[in-house]
1. For residue 58, which of the numbered conditions (1) of a type outside the set (A, V, I, L, M, F, W, C); (2) assigned to a strand (DSSP E or B); (3) closer than 25 Å to residue 216 by Cα; (4) at pLDDT 85 or above fails to hold?
2. Can you find even one residue in region 45-54 that is part of a strand (DSSP E or B), over 18 Å from residue 199 (Cβ atoms) and open to solvent by less than 30 Å² (accessible area, probe 1.4 Å)?
3. Please go through region 146-192 and pick out each residue that is closer than 30 Å to residue 314 by Cβ and hydroxyl-bearing (Ser, Thr, Tyr).
4. Against the conditions (1) in contact with a Ser or Thr (Cβ under 7 Å, 6 or more places away or on another chain); (2) at pLDDT 85 or above, where does residue 24 fall short? Just the number, please.
5. So for region 76-88 (the condition being in contact with a strand residue (DSSP E or B) (Cβ under 7 Å, 6 or more places away or on another chain) and among the small types (Gly, Ala, Ser)), does at least one residue qualify?
6. Could you tell me how many of the residues in region 268-289 are more than 15 Å from residue 304 (Cβ to Cβ), polar (S, T, N, Q) and surrounded by 14 or more Cβ atoms within 10 Å (Cβ to Cβ)?
Amino acid sequence: MKSKLLIIFSICISTLYAEENTYIKQQVAYKDPGASGKELTWDFGMLSPINEEYTVAYSIPDSNYMHQWCATEHRTRYYYTLTADTIWRTGYENPTTFVRYTQPEAVLHLPLRYGDTLTTTFAAKGEYGHRIPMTLSGTNTIEVDAQGKLILPDKTYEQVLRVHSQRQYIESGLDSTAMLVDKYQWFAAESYIPVFESVTAYEMVEDSMQLAFQTSFYYHVEDTTASTPDELAPVVDETAEDIAPVLLTDLSYLPNPVQTDLQVRYTLVQDATVYMHLHNPLGQPMYSTSARTESAGEHLIQINMSGWMQGEYTLYIHADDQLVQQVVIKM
């Protein structure tokens, strides 16, 4: 295959010099993303700066692997790779934390089209302080949920697409933390670098999700469009590692909320080793199964939750090295 390089976020990352791909990502006071839909208008013409020196820099760590690159921001390096039509996060590191994904996390599906939705699971292992083991697992749902006009302080975009992602995960190390990160990103037409972003994070405290923080970012970019349509086309690189096929499909967790019996249905696309855990709001396992080989096809598991305390429970279903996570409400 002829070697080609996809323009990611409209930045030509073929250079190895990060300073040539450094952009201002100004942190500003939170802006509510508003409703989803078509022909909308977002007026963000008045912004209150919080941190005007926040930057993001893109580079290629190894020129032998041009489909892999990193983005450095807030003293953390995030690693990405491109396979087929999806951008995957494969790891991150900073002075205190080192993480590599055993199951990569999808962060963007290309090209952007209104109404497209992608849900994937991810898992990772790493270390705190180079000595304390940690794990990370969760799901990320990405939806192109809105389009319209975006007004910013120094520019108005007549046509933008908005991508809404909901990232639910549990990070376990010295303790266990459950998080939900709700992110909205606005992209100018024919561009894969956001021009604006709003983020809300929730953390499990005791038995409920509580607001952790809210913030927004305003990207200062001179040119948000790629030079040719060919540069925007998804490219499969022959050196890219294959992403494992999704093993679990047709998942359902009913009823939810549940009072007594929870019925978990799923379909395996091929034979796999399956086991599951159901944790209470405190992170304690209330139900577990041992690892067993299951054949391809439909499966049903019934869990008796009568007598359990009310709250949000988290169900984890493992199939080989893949993981699905689902919040179940006990009434």
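The values are calculated or read from the model by the stated rules, or taken from the named source; none is laboratory data. This is a predicted model, so every value here is computed, not measured. Every residue, glycine among them, receives a Cβ derived from its backbone with ideal geometry; neighbour counts consider all protein chains shown. Surface accessibility is based on the protein's heavy atoms, side chains included, excluding ligands, DNA and RNA. Shrake-Rupley method; radii C 1.70, N 1.55, O 1.52, S 1.80 Å.
1. With (1) of a type outside the set (A, V, I, L, M, F, W, C); (2) assigned to a strand (DSSP E or B); (3) closer than 25 Å to residue 216 by Cα; (4) at pLDDT 85 or above applied to residue 58, the lone miss is (4).
2. Taking region 45-54 and keeping what is part of a strand (DSSP E or B), we get 49-51.
After this cut, where a residue has to be over 18 Å from residue 199 (Cβ atoms) as well, the list is none.
Taking every residue of region 45-54 in turn, none turns out to be part of a strand (DSSP E or B), over 18 Å from residue 199 (Cβ atoms) and open to solvent by less than 30 Å² (accessible area, probe 1.4 Å).
3. Quick first cut of region 146-192, residues closer than 30 Å to residue 314 by Cβ only: 146, 162-185.
Of everything in region 146-192, those that are closer than 30 Å to residue 314 by Cβ and hydroxyl-bearing (Ser, Thr, Tyr) turn out to be 165, 169, 172, 176, 177, 184.
4. Here residue 24 meets the rest and fails (2).
5. no
6. Residues flagged as more than 15 Å from residue 304 (Cβ to Cβ), polar (S, T, N, Q) and surrounded by 14 or more Cβ atoms within 10 Å (Cβ to Cβ) within region 268-289 amount to 0.
Residue-by-condition table, conditions (1) at pLDDT below 95; (2) not in a strand (DSSP E or B):
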residue	(1), (2)
78	yes, no
107	yes, no
112	yes, yes
123	yes, no
134	yes, no
141	yes, no
162	no, no
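Let's see how each residue does on (1) β-branched (Val, Ile, Thr); (2) within 25 Å of residue 122 (Cβ to Cβ); (3) more than 14 Å from the chain's Cα centre (by Cα); (4) crowded, with 19+ Cβ neighbours inside 10 Å:
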position: 142; (1), (2), (3), (4): yes, yes, no, yes
position: 148; (1), (2), (3), (4): no, no, yes, no
position: 151; (1), (2), (3), (4): yes, no, yes, no
position: 162; (1), (2), (3), (4): no, yes, yes, yes
position: 168; (1), (2), (3), (4): no, yes, no, yes
position: 178; (1), (2), (3), (4): no, yes, yes, yes
position: 182; (1), (2), (3), (4): no, yes, no, no
position: 187; (1), (2), (3), (4): no, yes, yes, yes
position: 202; (1), (2), (3), (4): no, yes, yes, no
